[in-house]
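What follows draws every value from the coordinates through simple rules; no lab data is involved. Keep in mind that what you see is a predicted model, and the values were worked out from it rather than measured. Cβ coordinates were reconstructed from backbone atoms using ideal geometry, including for glycine residues, and neighbour counts include every protein chain displayed.
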Ligand SMILES: C[S@@+](CC[C@H](N)C(=O)[O-])C[C@H]1O[C@@H](n2cnc3c(N)ncnc32)[C@H](O)[C@@H]1O
């Protein structure tokens, strides 16, 4: 396991409730398009990796797929079992999954490949467990970043604390968060029939729910806050209040424009 992966394990430990309150609703938006990109239909054997609270798994079950869902974090598995009771939910950590070659017709990973230390190895594992002709689909937050993600960066920049201490995925294993970067990643792993498109939307959220994620150590701002003394966290919160004003709507919530890249591909005949 890389230093990056160890840091991810710490980040998500016991965080399911906070995630469900905040980022899960954001990450739910592209799920129907993700399932379409993976070609998921009734009767498919589908694997959702990094399932979190099981949003993708629940919708795939609604489609009539036979769903297996894995995550590295126990609190997420509990949430997934609650939200997707028809799915088989079990522990599993990329880049090594406990399934045989070609076990699934379709494999999905919604905002997960940005949380692994070796994305090509993780994608190669998704390829291994999908059958020849099976589909893989995954999402990533693109660069340049959207206003939603820029808000976190602006809070971090206002703090004037170096982010350089945060573990990064190994440079040789990282990829550009652009359509070109995703095509290149999929090619590197030998996948074919490549596609990538961007979906854009405005995420509406209560400011307290939104702040809950970094306040509990989630995301790069959360990792930064976790390294600060209480007065540093209070300063960050004040910057958040000020910067979030640009996105406040009359009902008091925030309206945050954002977008995601949805990539999909087919496993070639072996
Ligand atoms: C941003 S959340 C996305 C959750 C879910 N896919 C969704 O749509 O809400 C990332 C999830 O990936 C899981 N995760 C991170 N690294 C992982 C790994 N190496 N193997 C399996 N799961 C991982 C985390 O525990 C977390 O639940």
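For segment 1-154, the square roots of the Cα gyration tensor eigenvalues, ordered a ≥ b ≥ c, give a/c below 1.5, which places it in the rounded category.
Here the relative contact order of segment 1-117, from alpha carbon pairs under 8 Å that lie six or more residues apart, stands at 31 percent. The C-alpha atoms of the chain define a longest principal axis, and helix 147-159 lies at about 50 degrees to it.
Taking the longest Cα principal axis of the chain as reference, the axis of helix 230-244 is set at about 80 degrees.
Note on residue 96/residue 66: beta-carbon distance plugged into 1/(1 + (r/R0)^6) with R0 of 25 Å gives a FRET efficiency of 0.65. Principal-axis analysis of the Cα atoms of the chain puts helix 119-129 at an angle of about 30° to the longest axis.
Return the single residue from 136, 93, 249 with maximal mean-square fluctuation; model: Gaussian network over the chain, springs between Cα atoms under 10 Å. The residue with the greatest mean-square fluctuation here is 249. Convex hull volume of the Cα atoms of the chain, normalised per residue: 118 Å³. Between segment 216-247 and segment 105-159, the alpha-carbon centres lie 24 Å apart.
Of all beta bridges that DSSP places with both ends in segment 101-258, some 50 percent have antiparallel geometry.
Taking the DSSP beta bridges with both ends in segment 3-266, the antiparallel portion is around 55 percent. Measuring r between the beta carbons of residue 41 and residue 202 and using R0 = 35 Å, the FRET efficiency lands at 0.70. A helix-only calculation puts the chain at -12000 deg cm²/dmol for mean residue ellipticity at 222 nm, using -39500 (n - 2.57) for each DSSP H run of at least four residues, averaged over all residues. A crude spin-label estimate for the pair residue 145 and residue 237, with each label 7 Å from Cα along the Cβ direction, gives 2.2 nm.
Would you please calculate the Kirkwood hydrodynamic radius of segment 17-108 over all C-alpha pairs and express it in Å, rounded to one decimal? After inverting the pairwise mean of 1/r, the radius is 12.9 Å.
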